[in-house]
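Asker: Take a look at the following structure, please.
The values are calculated or read from the model by the stated rules, or taken from the named source; none is laboratory data. These numbers were taken from a predicted model, which means no experiment stands behind them. For neighbour counting, all protein chains shown are included, and Cβ atoms are generated from backbone atoms with ideal geometry for every residue, glycine included.
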Amino acid sequence: MTRNDQPAKPEAIYRLATQGSRTRKGGVIRQASAPLTIMLDDGQIVRVAQTGDDAEYPDGSRAHIISGAGTQGQLQEQAVALVGSALSNGDEIIDTPQNTALISKRQGVPMADDFLTSVG
């Protein structure tokens, strides 16, 4: 809240990455391990991705998700992955098939220190 008890203005949104999310270098998150699921517009149910999950690439290689919401959004001690999360090969998640779950950054409200900070 702000001084006049008005909600702080939104500054940015970060959509949660799920199965089916894509990376800049052509990777896809095929399996996600978070216990949270989301129903897509087409009725398909997908799991939310989290740090430690993999993106798979057309050449068969894999890369681990190494950043996420940090303590701002954890499930079973792992941070949920976001559009913008980094991968162990220098890649980045750029898209997600879901459009309902997000974390909002509000003006004047700090995010957690480990928000989108690479780990391990």
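Asker: Output the residue which, of all residues in segment 81-103 that are over 13 Å from residue 28 (Cα atoms) and of a type in the set (Val, Ile, Thr), is modelled with the lowest pLDDT.
Answerer: 103
Asker: For segment 22-54, what are the residues that are aliphatic (A, V, I, L, M) and more than 21 Å from residue 116 (Cα to Cα)? Don't jump to the end; show me each part of the working.
Answerer: Start the filter on segment 22-54 by keeping residues that are aliphatic (A, V, I, L, M), which leaves 28-29, 32, 34, 36, 38-40, 45-46, 48-49.
Across segment 22-54, the qualifying residues are 38, 39, 40, 45, 46.
Asker: Which condition from (1) surrounded by 17 or more Cβ atoms within 10 Å (Cβ to Cβ); (2) more than 26 Å from residue 40 (Cβ to Cβ) is the one that residue 71 breaks?
Answerer: Residue 71 satisfies every listed condition except (1).
Asker: If you check every pair at least six apart or on different chains, which have Cβ atoms under 8 Å apart with a residue in segment 92-111 that is under 20 Å from residue 67 (Cα atoms) first and a residue that is aliphatic (A, V, I, L, M) and loosely packed, with under 15 Cβ neighbours inside 10 Å second?
Answerer: From segment 92-111, the pairs are 102/13; 103/13; 104/12; 104/13; 105/12; 105/13.
Asker: Let me ask something else about it. May I ask you to list the residues in segment 1-25 that are of a type outside the set (Asp, Glu) and out of contact with any strand residue (DSSP E or B) (no Cβ under 9 Å at 6 or more places or on another chain)?
Answerer: Kept after step one, since they are of a type outside the set (Asp, Glu), are these residues of segment 1-25: 1-4, 6-10, 12-25.
Correct list: 1, 2, 3, 4, 6.
Asker: List the number of the failed condition for residue 25; all other conditions in (1) loosely packed, with under 13 Cβ neighbours inside 10 Å; (2) over 15 Å from the mean Cα position of the chain (by Cα); (3) in contact (Cβ under 8 Å) with a residue 40 or more places away in the chain hold.
Answerer: Checking residue 25 against (1) loosely packed, with under 13 Cβ neighbours inside 10 Å; (2) over 15 Å from the mean Cα position of the chain (by Cα); (3) in contact (Cβ under 8 Å) with a residue 40 or more places away in the chain, the one that fails is (1).
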